[in-house]
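Remarks on the structure that follows.
The values are calculated or read from the model by the stated rules, or taken from the named source; none is laboratory data. Please read all numbers here as calculations on a predicted model, not as lab measurements. In this analysis, Cβ positions are derived from the backbone assuming ideal geometry, glycine residues included, and neighbour counts consider all displayed protein chains.
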Amino acid sequence: MDIPKGFYEMVCGDIDRLANAEKLESEKLLELHREIDGRYQACVNKWYDGLWCSTNDGNHIAYGHLIKYSSRQILANLKMMKAKLETYKYQMNAVQLPKPEVSNSQVVNVTNSVNVNVTFEQVRKEVEEMTSLTNKDTEEILEKISEIEEVVKSKDSKKSKWEKVKPVLAWMADKSCDVGIALLPLLLKIGQQ
């Protein structure tokens, strides 16, 4: 699996940021922790293994508990995340999507579908419940959802609407997979108009 160049550069930049985490104040450590967690949790296999305050099911960090610990535990998590990203940039621990088996006698039809029947309110609620986001991140995402909603409801042509949401698409490219997955159906509503 090839990593897009821009994403690879982002991974390398985040590794550098994590290497300098010891210089940060405790509040900034937690902010960096949440950002890195939100960005890579869906990309790196067994992301939560070995991290302080990961839940028993291994699906997320219990930030309410992590905040109670000292900066030392948060820093330990950041060092572990750095190690995981150093391996990830070589795709050694990347989440692998299943590949369909195909024989010479089989024909495989692949259909990708995205549920565009979600409402703006459903996506807002989903974003508000994302534990990996800071309050500031949540507010920013909710503003983008409102921007998308305004464009979708406008009477402009599809072409004009797509032009208006291009900055939102560029902004989404720098967010976590979870944010992209949540907002994509809203953007696809433009095609239904």
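Go through (1) modelled with pLDDT under 85; (2) within 20 Å of R17 (Cα to Cα); (3) over 17 Å from the mean Cα position of the chain (by Cα) one by one and return the number of the condition Q73 breaks.
Result: Q73 fails condition (1) only.
Across the range 149-190, what is the total count of residues that are touching a helix residue (DSSP H, G or I) at 6+ places or on another chain (Cβ under 9 Å), touching a residue at least 40 places away in the same chain (Cβ under 8 Å) and either part of a loop (DSSP other than H, G, I, E, B) or within 16 Å of V118 (Cα to Cα) (or both)?
13
When the residues of the range 146-193 are narrowed to those that are among the small types (G, A, S) and within 25 Å of R34 (Cα to Cα), which ends up surrounded by the fewest Cβ atoms within 10 Å (Cβ to Cβ)?
By that ranking, first place goes to A170.
Output the number of the condition that A83 fails; it satisfies all remaining conditions of (1) within 27 Å of K136 (Cβ to Cβ); (2) surrounded by 10 or more Cβ atoms within 10 Å (Cβ to Cβ); (3) modelled with pLDDT of 90 or more.
(1)
If you check every pair at least six apart or on different chains, which have Cβ atoms under 6 Å apart with a residue in the range 3-14 that is at negative phi first and a residue that is in a loop (DSSP other than H, G, I, E, B) and surrounded by 10 or more Cβ atoms within 10 Å (Cβ to Cβ) second?
Filtered contacts from the range 3-14: V11/K89.
With a cut-off of at least 1 residues that are under 15 Å from C177 (Cβ atoms) and out of contact with any His (no Cβ under 7 Å at 6 or more places or on another chain), name the helices (runs of 4 or more DSSP H) lying wholly within the range 24-103.
26-40, 71-88
Which members of the range 48-80 meet the condition of being buried (at least 18 other Cβ atoms within 10 Å of the Cβ) and of a type in the set (V, I, T)?
Matches in the range 48-80: I61, I74.
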